[in-house]
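Nothing in this text is a laboratory measurement; each read-out follows from the coordinates by a stated rule. No experiment lies behind these values; they were computed from the predicted model shown. Cβ placement follows ideal geometry from the backbone for every residue including glycine, while neighbour counts extend to all protein chains displayed.
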Amino acid sequence: MGTKRKISMPYWCAANPVGDPFGPAVMDRITSVEATDILCGAKNDGLIDFTAAHDDDLVPWDPYNEDDDSQTGSETYKILKTIKEKLDKAGLIFKMVTCGLHGNPVFRNGGITNPDPRVRLLAAKKAMRALRIGNFLGAEYFTYWVARDGFETQFAVPWGRNYTYLMDGLNLVARYAKANDLSIKQGTIENKPNEPRGEMYLPTVGHAIALISRLESPDFWGVNPELLQHEQMTGLTGVAAAAMAVRFGKLFFLHVGNQKPNQFDNDNPVLVGMDGLKEFISVLYVLEKMGWQGHVEFDNHILRTDTAPGEANKTAIRREFIELNVDAYRTAESRAIKLAEDDRINSIQDKLWNSHQEIADTLKNGDLGKISGTNVDYDSVNEEALKLGSLDMLVNKKIMGM
Ligand code: XLS
Ligand code: MG
């Protein structure tokens, strides 16, 4: 059968007007209410199941009016109410909220790890407001991605304390969600190696999982790695990252897109771009084999070549972008499921992984005397060639539909 996963398309991807460091936005901008209409349309047509947003994707932040989300007469409340009504009507589930701590210039030297306590306080209050907004829309997850919590200059960081600040900030999120009985029951950490900072404090999935073990409520927290982008930016593989997170019960959901290894954060749509086809199918294959039940969330943008200004384009191109991503994701997913069900691959793996069960049991049971007393014939083990190359060729041919 295979797992047909639920799909989330966030506001910041669908609404992205696609600027880059070398040129301004190409697409006409849309409001959060217009973005809601595009997303609800995609839900009505069976393309997506969930959505997600930063606080700033929905309503602007005014640090001098920090409770505007709760004041029923405010413009902020009116916009949020309109969005909620539209989402409810379409049955589009608002799955995750995240707090934007990268855009506003006050956070240019970091949000929750900023060495200046005044900035950390602003970040904490903004995060609490984002949690309330998420609760209003029924979000289940709060995501912390490292944003500007990082550095370029080694001597400007209060090392050690920066990780204490990080833990304090994340502990506050979990405490606020629990104390107010918010709809948000879980948090996720999204690692990234660099960009926007030269270096970030949580560059890998392993860093994030290690940090979680030191938090006040480790069960509240998991990870949402962005694959392929955030691992492959530094040449790491998302396959091992995903597998480790699943094995530790920490993969809450996945951000997906495409990436050419060792480049800037490409954020290409799934499968689109020079590389990544086999790597992405491999990630989905591993998740299928490991029985992971979570959902995927796109985190990518329209190729700049595929954007165009203009009133008609602003809706049509964004809609085509959602269709392209869903088509690419479902294509990769169905190929991954076929590979997981392939008898030849399964029987080769069985021979590689499930031989000599008595020895495997001895090692698993860990009885020191029994391990010392068990012998293998070194020469016969050493003289076996594994033929992993032909397994890989078989997989490649199947990916190519041969
Ligand atoms: C940036 C991140 C970001 C988060 C949400 O690289 O992927 O978009 O997913 O803030
Ligand atoms: Mg992401």
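Counted over the chain, the DSSP beta bridges are approximately 15% antiparallel. Each label was represented as a point 7 Å from its Cα along the Cα-to-Cβ direction; for Lys86 and Glu383 these points are 7.2 nm apart.
Largest GNM mean-square fluctuation among Leu215, Leu388, Leu236, using the chain with Cα springs under 10 Å: Leu388.
Can you compute the FRET efficiency between Tyr64 and Met400 using 1/(1 + (r/R0)^6), with r the Cβ-Cβ distance and R0 = 45 Å? Round to the nearest 0.05.
Values: r = 59 Å, r/R0 = 1.30.
For R0 = 45 Å, the calculated efficiency reads 0.15.
Modelled spin labels at Arg161 and Arg175, positioned 7 Å past Cα toward Cβ, are 1.9 nm from each other. Considering only Ile93, Ile348, Ile212, the mean-square fluctuation computed in a Gaussian network model of the chain, springs between alpha carbons under 10 angstrom, is largest for Ile348.
Relative to the Cα centre, what is the charge dipole magnitude of the chain, using +1 at the beta carbon of each Lys and Arg, -1 at the beta carbon of each Asp and Glu, and rounding to the nearest 20 debye? Don't jump to the answer; show the numbers that get you there.
Working: 45 positive and 55 negative charges, 108 e Å.
Magnitude of the dipole: close to 520 debye.
In whole angstrom, note down how far apart the Cα centers of the stretch 5-62 and the stretch 314-374 are. When both Cα centres are located, 33 Å separates them.
Based on Cα coordinates alone, diagonalise the gyration tensor for the chain, multiply each eigenvalue by 5, take square roots, and list the semi-axes in whole Å, largest first. Please report the intermediate quantities before stating the final value.
Working: eigenvalues 311, 146, 80 Å².
In descending order, the three semi-axes are 39, 27, 20 Å.
Along each principal axis, taking the top coordinate minus the bottom one, the Cα set of the stretch 204-313 gives 49, 30, 26 Å in descending order. For the options Pro17, Pro218, Pro158, a Gaussian network treatment of the chain with springs between C-alpha atoms closer than 10 Å singles out Pro158 as fluctuating the most.
Using helices alone, what [θ] at 222 nm do you get for the chain, with -39,500 (n - 2.57) per DSSP H run of 4 or more residues, divided over all residues and rounded to the nearest 500?
Numbers: 16 runs with 185 residues, N = 402.
Result for the chain: -14000 deg cm²/dmol, rounded to the nearest 500.
In the chain, taking the dipole from charged Cβ atoms about the Cα centre, the farthest positive-side position among Met274, Leu87, Gly291 is held by Leu87.
Across the stretch 89-229, how many lysine pairs, 8 or more positions apart or on different chains, have C-alpha atoms separated by under 21 Å? Please give the number. List each step's numbers first, then the result.
Working: Lys95/Lys126; Lys95/Lys178; Lys95/Lys185; Lys125/Lys178; Lys125/Lys185; Lys126/Lys178; Lys126/Lys185.
Here the count comes out as 7.
Debye calculation, C-alpha points only, no solvent: report log10 I(q)/I(0) for the stretch 41-144 at q = 0.17, 0.24 Å⁻¹, in the same order as the q values. Each listed q corresponds, in turn, to -0.78, -1.28.
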